[in-house]
Amino acid sequence: MVFHLKMIKENSSTKLNKNWRLSHKFSENVLDATKKFEKLITDKKEIDGLPATALGLAAQTAVSKGHENATAENGPWMITLDAPSFISVVLHARNRALREEVYRAYITRASSGDLDNTPIINQILKLLLEKAKLLNYNNYAEVSMATKMATVDKAEELLEKLRSASWDAAVQDVEELKSYSKSQGASEADSLSHWDISFWSERLRESKYDINEEELRPYFSFSKVMDGLFNLAKILFGIDIEPADGLAPVWNKDVRFYCVKDSSGSPIAYFYFDPYSRPSEKREGAWMDEVVSRSRVLSRNGTTARLPVAHMVCNQTPPVGDKPSLMTFREVETVFHEFGHALQHMLTKQDEGLVAGIRGVEWDAVELPSQFMENWCYHRDTLMSIAKHYQTGESLPEEVYLKLLAARTFHAGSLSLYQIRFACLDLELHTKYIPHGSESVYDVDQRVSRITQVIPPLPEDRFLSGFNHIFAGGYAAGYYSYKWAEVLSADAFSAFEDAVLEDSKAVKEIGHKFRETVLALGGGKAPLEVFVEFRGREPSAEALLRHNGLLPVTACT
């Protein structure tokens with residue numbers, strides 16, 4: 001019996017090591033494939049519609065690639081698949097052919113030639129299934145859920161509830177886009193494709209709410225956003241955050257180092273922040289992770305706990321020329337999101353390193369603080385404290401704030417289904433998919449998308465080959481956790497709404513309670529118990545559906 005258990009452990013460990021190597025190779029292939037695509041444009045007509053910041057970045061990229069005389073005004077301009085460049089093109093480029101070319105390149109990254117991730121995906125899924133069988137589980141999703149807040153059934157139940165609540169709204173979203181694009185004389189109006197959706201959604205959003213993300217950038221300078229974020233943390237959690245540059249070495253001149261102090265002025269944590277996109281050396285996206293966790297055992301003197309250190313990494317638009325980094329509202333939300341993760345790591349009161357901060361927190365609960373913090377981007381006082389024009393100091397106009405608030409639910413059905421597609425696909429691959437069976441992973445994607453996407457993916461869509469989250473980012477059988485945590489975070493924020501957000505005393509009291517439960521207890525207590533301790537009851541999806549405008553409207557009589 002002992003020998004048998006040892007063999008299981010060794011086999012499982014071997015598969016884990018193989019999986020790690022495969023995941024690492026998967027990530028490398030995505031990065032290399034992303035860097036491989038470069039499109040040099042010399043005719044400004046081809047990039048009509050791109051905002052000034054995107055043109056500046058494209059010219060700056062061209063300079064870095066050897067085109068020394070490139071300028072934002074006269075080019076040449078280098079388009080890449082790095083997030084700021086790709087997103088600018090699909091959102092703003094009037095050149096439909098350019099949008100199509102960039103979109104197709106993006107959804108087929110790492111799916112052919114030496115960088116083809118398809119066989120790696122199958123190997124990863126095969127090893128995970130074998131590991132599950134060795135551990136006497138039916139599939140890898142069950143292994144994953146064994147250390148999570150949800151179960152497979154509960155996750156599927158939630159996703160179906162959200163899918164059904166989102167579907168009709170998403171259908172209406174597409175119809176609205178067709179009607180709007182037709183009113184604008186678009187030849188593609190009757191047959192909108194994937195490279196049209198984001199472009200026309202942005203145009204419709206601008207027309208409905210008169211909000212242009214690019215025109216808002218001057219109100220969101222990096223330094224002002226960070227000042228406002230740190231002030232919010234002081235109000236809610238009673239902490240002070242101060243620059244500590246020079247106290248620790250950094251890996252790039254743009255990286256900042258900060259010290260977190262409690263109300264008495266004593267340091268309780270530190271964190272690095274690497275904010276800007278650097279395509280040649282950083283992968284896309286945004287993330288937070290630990291440098292060291294809080295730990296009494298690993299402290300220098302063995303009495304006071306070692307203080308936690310975090311790092312936050314984003315890929316927002318860097319400073320261009322003499323302008324500071326001017327952020328889109330989406331980039332502001334991203335910084336608030338990652339800071340929420342950092343807060344849970346840094347404000348822990350657990351002295352045992354294995355359950356301190358984000359350690360030991362069930363994967364589907366760990367997004368609660370991050371998504372909770374995003375809600376504050378829509379809180380008037382918070383937003384107005386950071387939205388100051390970088391040149392004039394003028395506050396964001398009140399009517400613009402109200403439009404941002406209204407725009408929050410814009411095409412919420414479509415955005416919900418976008419996430420649900422990936423979450424359902426992830427669970428399907430890790431519960432029912434048979435590697436090297438009759439269906440390919442791309443067949444599974446097509447099948448799942450038929451009930452989760454109003455416009456199914458292209459037959460040649462190979463998005464999975466670049467899906468770092470589940471094949472290289474630790475979200476295998478866990479992508480549903482974004483929606484699961486949205487439910488938790490919306491419900492948690494509703495505690496502040498119930499107390500009236502303008503009541504500063506109540507906000508501080510609830511903020512203290514949030515710190516002492518969600519942020520302080522880490523992995524030392526089951527997340528459902530932690531949530532109930534904070535909220536006084538189990539979580540409900542109602543607040544999320546209400547925030548997204550997806551609750552049925554009851555007619556008045």
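The values are calculated or read from the model by the stated rules, or taken from the named source; none is laboratory data. Because the structure is a prediction, the values reported are computed rather than measured. Here the Cβ is made from the backbone with ideal geometry for all residues, glycine too, and neighbour counts use every protein chain on show. Accessible surface areas use protein heavy atoms only, side chains included; no ligands, DNA or RNA. Shrake-Rupley method; radii C 1.70, N 1.55, O 1.52, S 1.80 Å.
Data for the structure
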| quantity | calculated |
| --- | --- |
| Computed magnitude of the charge dipole of region 221-370 (debye, nearest 20; Cβ of K, R +1, Cβ of D, E -1) | 340 |
| Mean Cα-pair separation over length for region 131-232, i.e. relative contact order, pairs under 8 Å, 6 or more apart, % | 11 |
| Over the chain, relative contact order from alpha-carbon pairs under 8 Å, at least 6 apart, % | 18 |
| Glu502/Leu354 FRET efficiency (R0 30 Å; Cβ-Cβ; nearest 0.05) | 0.15 |
| Net charge, Ala423 excluded, C-beta distance under 12 Å - Lys, Arg +1, Asp, Glu -1 | -3 |
| Phe514 accessible area, 1.4 Å probe, all protein chains in place, Å² to nearest 10 | 0 |
| Pairwise FRET efficiency - Ser187 versus Arg330, Cβ, R0 = 30 Å, nearest 0.05 | 0.55 |
| Cα-centre dipole for region 284-370 with unit charges at Cβ (Lys and Arg positive, Asp and Glu negative), debye to 20 | 500 |
| Of (1) 183; (2) 210; (3) 149, the label for volume of the Cα convex hull per residue in Å³ derived from the coordinates | (1) |
| Given charges at beta-carbon only (K, R positive; D, E negative), |dipole| of the chain in Debye | 1380 |
| Gain on full stretching of the segment that runs from Asp114 to Glu160 - 0.36 nm per residue minus C-alpha separation | 12.8 nm |
| Kyte-Doolittle mean at least -0.5, axial Cα span of 20 Å or more - DSSP H helices of the chain | 118-134, 222-237, 329-346, 412-431, 481-498 |
| Within straight-line cross-link reach of Lys224, lysines at Cα separation under 22 Å, skipping those fewer than 8 residues along the same chain | Lys234, Lys253, Lys261, Lys323, Lys388, Lys403 |
| Full-stretch length increase - Gln391, Phe410 - with 0.36 nm per residue and alpha-carbon distance subtracted | 3.8 nm |
| Accessible-area ranking of Ile434, Ile420, largest first, probe 1.4 Å | Ile434, Ile420 |
| Contour excess over end-to-end distance, with Cα ends at Ser264 and Ser207 and 0.36 nm allotted per residue | 15.6 nm |
| Of Thr431, Asn315, Leu383, farthest towards positive along the dipole that unit charges on Lys, Arg, Asp, Glu beta carbons give the chain | Thr431 |
| Solvent-accessible surface ranking, highest first, for Val292, Val444 at 1.4 angstrom | Val292, Val444 |
| Accessible area, probe 1.4 Å, largest first, for residues Thr71, Thr348 | Thr71, Thr348 |
| Exposure of His411 as accessible area (Å², to 10), given a probe of 1.4 Å and all protein chains | 20 |
| Heavy atoms of Arg163: accessible area, 1.4 Å probe, square angstrom to 10 | 50 |
| Qualifying lysines (Cα of each under 27 Å from Cα of Lys432; at least 8 residues distant if same chain) | Lys9, Lys15, Lys18, Lys25, Lys126, Lys131, Lys133, Lys148, Lys154, Lys161, Lys483 |
